[in-house]
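Colleague: Below is the structure I would like to discuss, written out as structure tokens.
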Amino acid sequence: MSVDTLTAADPIRLEVALGERAYPILIGAGLLERAGEWIAPLLKGRRRVVVITDTNVGPLHLPRLTAGLAAAGVSVDTVTVPAGEGSKSWAGIADLVDRLLDLRVDRGTLLLALGGGVIGDLVGFAAAITMRGVDFVQIPTTLLAQVDSSVGGKTGINTKAGKNLVGSFHQPRLVLADMDCIATLPPRQLRAGYAEIVKHTVLGDAAMFAWLEAGGGAALLAGDRAALAKAVRHSCETKATIVAADEREGGQRALLNLGHTFGHALEAETGFSDTLLHGEAVAIGMVQALDLSVRLGLCPAADKARLVAHLVACGLPVDQQACGGPFDPATLVAHMRLDKKAKAGELTFVLCTGLGSAIVRDGVPESDVLPVLSEAH
Ligand code: NAD
Ligand code: MG
């Protein structure tokens with residue numbers, strides 16, 4: 001369908017092609033009100049689901065979902081957890097699983113994750129381990145969750161040793177991305193999610209980057225639902241294609257880490273706090289990845305300049321100063337070596353050969369990386 005005619009009657013449908021674990025992603029407006037249409041068929045005759053949401057999202061969007069399920073004769077138990085990354089913890093997963101067991105869930109119970117990436121990761125992990133595995137549905141309510149975390153099946157929690165170090169691969173049965181949820185999102189969260197949209201274009205689609213640059217990005221950030229749906233679709237297609245080819249990150253799934261090695265070091269340095277949201281770190285990290293690509297002679301300098309100009313125009317940070325830096329380059333490199341994606345302390349980066357084309361490069365010498373980190377950008 002054309003995004004210009006985005007209506008509740010006609011959501012965009014994509015497929016994550018994972019054989020017996022394949023599932024659809026529906027993207028549209030007014031989907032929560034109709035959720036029962038797609039969720040009831042997953043219940044195999046049962047009439048009960050458990051919705052898990054957080055204290056911010058519940059009051060805003062749960063009534064629409066509950067009504068949409070009731071319309072299909074599905075009754076709902078609700079578990080609400082505190083909003084924020086703190087719920088993605090050992091204590092948070094223990095509390096959630098206990099509450100699910102108190103509700104007498106069984107192996108046929110379907111869990112619905114209504115919220116951002118925190119809820120999606122937490123509920124996905126709870127679904128993976130409760131009764132040795134139950135089905136779940138992702139209903140992402142942040143832009144970041146719609147374009148990234150709800151697709152691909154990575155679930156988990158944070159521990160003392162770091163973020164996302166405990167978890168499992170557990171694919172959802174369905175992803176429902178309702179553009180109407182995005183309307184209530186704080187602007188800073190919206191921009192942070194937008195950084196992952198930009199990432200999906202920079203790593204694989206120059207024409208889509210040009211569309212964002214030419215006004216698509218500004219339109220979606222201003223709340224244009226058709227522009228939003230077009231970009232969410234593009235990101236989900238990109239991620240779904242990569243995940244279908246490499247579910248457990250043995251190869252090309254690593255391309256999705258563009259900007260993340262640099263960004264992760266900044267997040268570690270700023271203590272994974274509100275000083276720097278993940279998407280903001282990815283924005284700065286992408287600029288640094290392109291800078292490294294330019295320095296290695298892989299990428300035209302003009303492409304890096306275009307990326308910087310677009311991110312600035314969208315109100316995203318592009319340098320360390322934006323988050324209290326510049327930081328000590330050696331300390332940032334030390335964070336990179338501890339990144340769970342680093343192999344044996346080797347520095348691996350996703351680099352660009354131009355906007356729209358990315359490669360993975362292992363064994364990048366520290367001497368090539370340090371100048372990128374010392375620059376005022
Ligand atoms: P989040 O879930 O904490 O949501 C951000 C804030 O927005 C929260 O305060 C939340 O309550 C609020 N919120 C959510 N939806 C809202 C809405 N529609 N209106 C108003 N407020 C709303 O954070 P996030 O950015 O969505 O996700 C970050 C998490 O996702 C991190 O834990 C990260 O590790 C994880 N993640 C996972 C994957 C994956 O592949 N599994 C990928 C990327 C990120
Ligand atoms: Mg990310």
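Colleague: If you scan segment 265-281, which residues turn out to be within 14 Å of ligand 1 (Cβ to nearest atom) and open to solvent by less than 50 Å² (accessible area, probe 1.4 Å)?
Modeller: Taking segment 265-281 and keeping what is within 14 Å of ligand 1 (Cβ to nearest atom), we get 267-268, 272-274, 276-281.
Result: Glu267, Ala268, Ser273, Leu276, Leu277, Gly279, Glu280, Ala281.
Colleague: When only residues in segment 120-139 that are farther than 17 Å from Ala83 by Cβ and touching an Asp or Glu at 6+ places or on another chain (Cβ under 9 Å) count, which is surrounded by the fewest Cβ atoms within 10 Å (Cβ to Cβ)?
Modeller: Residue satisfying both the conditions and the ranking: Met131.
To keep it simple, each residue is scored yes or no on (1) open to solvent by 20 Å² or more (accessible area, probe 1.4 Å); (2) over 22 Å from the mean Cα position of the chain (by Cα).
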| residue | (1), (2) |
| --- | --- |
| Leu101 | yes, yes |
| Thr109 | no, yes |
| Leu112 | no, no |
| Val118 | yes, no |
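Colleague: Would you mind listing the strands (runs of 3 or more DSSP E) fully within segment 153-229 where at least 3 residues are in contact with a Gly (Cβ under 7 Å, 6 or more places away or on another chain) and either within 16 Å of ligand 2 (Cβ to nearest atom) or more than 25 Å from Val57 (Cβ to Cβ) (or both)?
Modeller: 154-159
Colleague: Report yes if some residue within segment 222-242 is aliphatic (A, V, I, L, M), away from ligand 1 (no atom under 16 Å from the Cβ) and surrounded by fewer than 23 Cβ atoms within 10 Å (Cβ to Cβ); otherwise report no.
Modeller: Looking through segment 222-242, at least one residue is aliphatic (A, V, I, L, M), away from ligand 1 (no atom under 16 Å from the Cβ) and surrounded by fewer than 23 Cβ atoms within 10 Å (Cβ to Cβ).
Colleague: Looking at (1) within 21 Å of Lys230 (Cα to Cα); (2) open to solvent by less than 20 Å² (accessible area, probe 1.4 Å); (3) within 16 Å of ligand 2 (Cβ to nearest atom); (4) not in a loop (DSSP other than H, G, I, E, B), which is the one condition that is false for Leu144?
Modeller: (2)
Colleague: What number goes with the only condition from (1) in a helix (DSSP H, G or I); (2) open to solvent by 20 Å² or more (accessible area, probe 1.4 Å) that Val360 does not pass?
Modeller: Val360 satisfies all of (1) in a helix (DSSP H, G or I); (2) open to solvent by 20 Å² or more (accessible area, probe 1.4 Å) except (1).
Colleague: Cβ-Cβ below 9 Å, separation at least six or inter-chain, first residue in segment 54-76 and among the basic types (Lys, Arg), second open to solvent by 30 Å² or more (accessible area, probe 1.4 Å): which pairs?
Modeller: Sorted first by the residue in segment 54-76, then by its partner, the pairs are Arg64/Glu33; Arg64/Asp180.
Here is a yes/no grid of residues against (1) within 16 Å of ligand 2 (Cβ to nearest atom); (2) part of a loop (DSSP other than H, G, I, E, B); (3) farther than 14 Å from Val369 by Cβ:
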| position | (1), (2), (3) |
| --- | --- |
| Val232 | yes, no, yes |
| Ile242 | yes, no, yes |
| Gly250 | no, yes, yes |
| Ala268 | yes, no, yes |
| Glu280 | yes, no, yes |
| Leu290 | no, no, no |
| Leu332 | no, no, no |
| Met336 | yes, no, no |
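Colleague: Report whether or not Thr275 is in a loop (DSSP other than H, G, I, E, B) and β-branched (Val, Ile, Thr).
Modeller: Details: in a loop (DSSP other than H, G, I, E, B): yes; β-branched (Val, Ile, Thr): yes.
Yes, satisfied.
Colleague: I'd like the full set of residues that are more than 16 Å from ligand 1 (Cβ to nearest atom) and open to solvent by 30 Å² or more (accessible area, probe 1.4 Å), limited to segment 43-65. I'd like the intermediate steps shown before the answer.
Modeller: As a first pass, look at segment 43-65 and keep what is more than 16 Å from ligand 1 (Cβ to nearest atom): 43-50.
Hits for segment 43-65 are Lys44, Gly45, Arg46, Arg47, Arg48.
The values are calculated or read from the model by the stated rules, or taken from the named source; none is laboratory data. Worth saying up front: this structure is predicted, and the values here are computed from it rather than measured. Note that we place each Cβ from the backbone using ideal geometry, even for glycine, and neighbour counts take in every protein chain shown. To get the accessible areas, we keep the full protein, side chains included, count just its heavy atoms, and leave off ligands, DNA and RNA. Shrake-Rupley method; radii C 1.70, N 1.55, O 1.52, S 1.80 Å.
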